[in-house]
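The values are calculated or read from the model by the stated rules, or taken from the named source; none is laboratory data. Quantities reported herein were computed from a predicted structural model and do not represent experimental measurements. Every residue, glycine as well, gets a Cβ built from its backbone with ideal geometry; the counts of neighbours run over all protein chains shown. All accessible areas refer to the heavy atoms of the entire protein, side chains included, with ligands and DNA or RNA removed. Shrake-Rupley method; radii C 1.70, N 1.55, O 1.52, S 1.80 Å.
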2 protein chains.
Amino acid sequence: MTRSTLDRRTAQKAERRSAIVDAARELIDERGGPVFGVDELAERADVSRRTVFNHFPSLDDLFLTVCEDALAVVVDDFLARIARTPLREGSRSAMFDEIATAMHDADLPAAIATILRILGGSSPAKDHKSPLSDAAFSRVTDRLLAEVLRRHPAADPLEAELLVESLMSGVVVIARHWVELTGGRLDADARATWQDLLTRLLGSVRNGYLPAT
Amino acid sequence: MTRSTLDRRTAQKAERRSAIVDAARELIDERGGPVFGVDELAERADVSRRTVFNHFPSLDDLFLTVCEDALAVVVDDFLARIARTPLREGSRSAMFDEIATAMHDADLPAAIATILRILGGSSPAKDHKSPLSDAAFSRVTDRLLAEVLRRHPAADPLEAELLVESLMSGVVVIARHWVELTGGRLDADARATWQDLLTRLLGSVRNGYLPAT
DNA sequence: TGCATCCAGTGCAAGATTGCACCTAGTGTA
DNA sequence: TACACTAGGTGCAATCTTGCACTGGATGCA
């Protein structure tokens, strides 16, 4: 019965790691961008400067983790919406419809804006912007695909993967367009722009995925 | 400026230590005595069983620390009362009076009852009862003496030490008598008994310490 | 008496954090 | 150009925690 904490060592290591990630997110939020040094971060996380590099090979890796965590919050909501959606197993378009509905309802622009702020916003245009956001979004894709396959065990895995993959890559594309058009603002106008882009994306994917009715 | 935390290593070690002490006190309070194993304690403190023995050579040492901590709470109050007492530097009996007043007001029976519970109360009479309580009270003596010397820098150190030492050893004596008489109860009757014993002690010490007026 | 069981306490090696010295690239400045 | 200064990142030894195997004494029981 001593196994209530599965390996204290692992647990405490995870604690330190998330302390670092939390501290980084705090600082980023406070300053509108990743404008702080390792020493500052280490002190905020109540951790040695060396320990930061023990957990993350570089600050960019840390920022990637922060990105993923920020996205994860929205994706949790996203997947929860799908989970609450009634299951229509017989329907051919069930998978598409439930994802599309969740995408319309979820607050994706907020997540994208957060990522932009993490990566430096519209200001000093760090060159690693693309790889970082790509990596973050790819984890989202994995989670979404897993959830879809869980809900539709009878579905063709290849078909599901193609659907999710094309939807998510489409989201990345329209996200970049959206940032280009709005600068990452979150006002009503920008949100309307997002809905426009999203509708066009969903329409396009639906056309490719489902036979025209 | 990185020295805001004076040596993180030391700080975290102290954290672990007090986590163990706190867990021990919790368990003692819950069960009315030190009736638990090391594994239970370690799990409660979220610490490895081995770490307990890294900080405390034996469980008795741990219990002593818990004793001291419990007493320290009351002694803090005790010293605070003295500190709030107006200083009468010229008076010969100032030192005695301020201690005597604080002793009358402080809730010493509660502290003694706590220690008794820690040591097993009136039940299975562990043999190490005396050394433990002696050690705990001796730390109280040190703190009290230091405070007295701080307040009366002009006083004769030997005189002050004799006063404090005889008062505290007297407290230990009447505490044992009090336990004998009342069994460590905390009702009005037992408290009256305590006040009786204390008055007799203070009178006796005053007679020896101050010339009869 | 012999045996099993429990529990405080120890020895030890592996993992993790820490502090410190050090390296290196980029940047400002005379 | 030369110099200094900052800040990310690494090597390394010391320290601490942890898990595990183990000892030894106390207790219970046949």
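Can you pull out the residues in segment A:1-32 that are within 14 Å of chain B (Cβ to nearest Cβ), open to solvent by less than 50 Å² (accessible area, probe 1.4 Å) and part of a loop (DSSP other than H, G, I, E, B)?
Correct list: A:Thr5 only.
Hey, could you check segment B:40-49 for residues that are more than 10 Å from DNA strand D (Cβ to nearest atom) and within 12 Å of chain A (Cβ to nearest Cβ) and say which is surrounded by the fewest Cβ atoms within 10 Å (Cβ to Cβ)?
Residues of segment B:40-49 that are more than 10 Å from DNA strand D (Cβ to nearest atom), as a first pass: B:40-41, B:44.
Next cut, within 12 Å of chain A (Cβ to nearest Cβ) only: B:40, B:44.
Details: B:Glu40: 13, B:Arg44: 17.
Taking the candidates together, the pick is B:Glu40.
Between B:Val66, B:Val35, which is surrounded by 19 or more Cβ atoms within 10 Å (Cβ to Cβ), modelled with pLDDT of 80 or more, under 26 Å from B:Ala23 (Cβ atoms) and β-branched (Val, Ile, Thr)?
Working: B:Val35 fails: surrounded by 19 or more Cβ atoms within 10 Å (Cβ to Cβ).
Unique residue meeting the criteria: B:Val66.
The rows are residues; the columns are (1) more than 9 Å from DNA strand C (Cβ to nearest atom); (2) over 30 Å from B:Thr101 (Cβ atoms); (3) aliphatic (A, V, I, L, M).
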| residue | (1), (2), (3) |
| --- | --- |
| B:Arg9 | no, yes, no |
| B:Ala14 | yes, yes, yes |
| B:Ala23 | yes, yes, yes |
| B:Leu27 | yes, yes, yes |
| B:Gly33 | yes, yes, no |
| B:Asp61 | no, yes, no |
| B:Cys67 | yes, no, no |
| B:Ala72 | yes, no, yes |
| B:Arg81 | yes, no, no |
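Quick one: which residue in B:Ala45, B:Ala94, B:Ala19 is touching a helix residue (DSSP H, G or I) at 6+ places or on another chain (Cβ under 8 Å) and either more than 16 Å from DNA strand C (Cβ to nearest atom) or touching a residue at least 12 places away in the same chain (Cβ under 8 Å) (or both)? Walk me through how you get there before you give the answer.
Details: B:Ala94 fails: touching a helix residue (DSSP H, G or I) at 6+ places or on another chain (Cβ under 8 Å); B:Ala19 fails: touching a helix residue (DSSP H, G or I) at 6+ places or on another chain (Cβ under 8 Å).
So the residue among B:Ala45, B:Ala94, B:Ala19 that is touching a helix residue (DSSP H, G or I) at 6+ places or on another chain (Cβ under 8 Å) and either more than 16 Å from DNA strand C (Cβ to nearest atom) or touching a residue at least 12 places away in the same chain (Cβ under 8 Å) (or both) is B:Ala45.
Just checking, does segment A:179-188 include any residue being open to solvent by less than 90 Å² (accessible area, probe 1.4 Å), without any contact (Cβ under 8 Å) to a residue 40 or more places away in the chain and under 26 Å from A:Leu162 (Cα atoms)? It would help to see each step written out before you state the result.
Narrowing segment A:179-188 to residues open to solvent by less than 90 Å² (accessible area, probe 1.4 Å): A:179, A:182-184, A:186-188.
Next, from what is left, pick out any that are without any contact (Cβ under 8 Å) to a residue 40 or more places away in the chain: A:182, A:187-188.
Next, from what is left, pick out any that are under 26 Å from A:Leu162 (Cα atoms): none.
Looking for residues that are open to solvent by less than 90 Å² (accessible area, probe 1.4 Å), without any contact (Cβ under 8 Å) to a residue 40 or more places away in the chain and under 26 Å from A:Leu162 (Cα atoms), one finds none in segment A:179-188, hence no.
Looking only at segment A:96-132, count every residue that is over 23 Å from A:Asp189 (Cβ atoms), modelled with pLDDT of 70 or more and either open to solvent by 20 Å² or more (accessible area, probe 1.4 Å) or more than 20 Å from the chain's Cα centre (by Cα) (or both) and tell me the total.
2
For segment B:137-172, which positions are surrounded by 16 or more Cβ atoms within 10 Å (Cβ to Cβ) and of a type in the set (Asp, Glu)?
Answer for segment B:137-172, where residues must be surrounded by 16 or more Cβ atoms within 10 Å (Cβ to Cβ) and of a type in the set (Asp, Glu): just B:Glu147.
The conditions are (1) assigned by TED's automatic domain parsing to the domain that holds B:Ala160; (2) more than 23 Å from the chain's Cα centre (by Cα); (3) within 16 Å of DNA strand D (Cβ to nearest atom), and B:Leu62 fails exactly one of them. Which is it?
(2)
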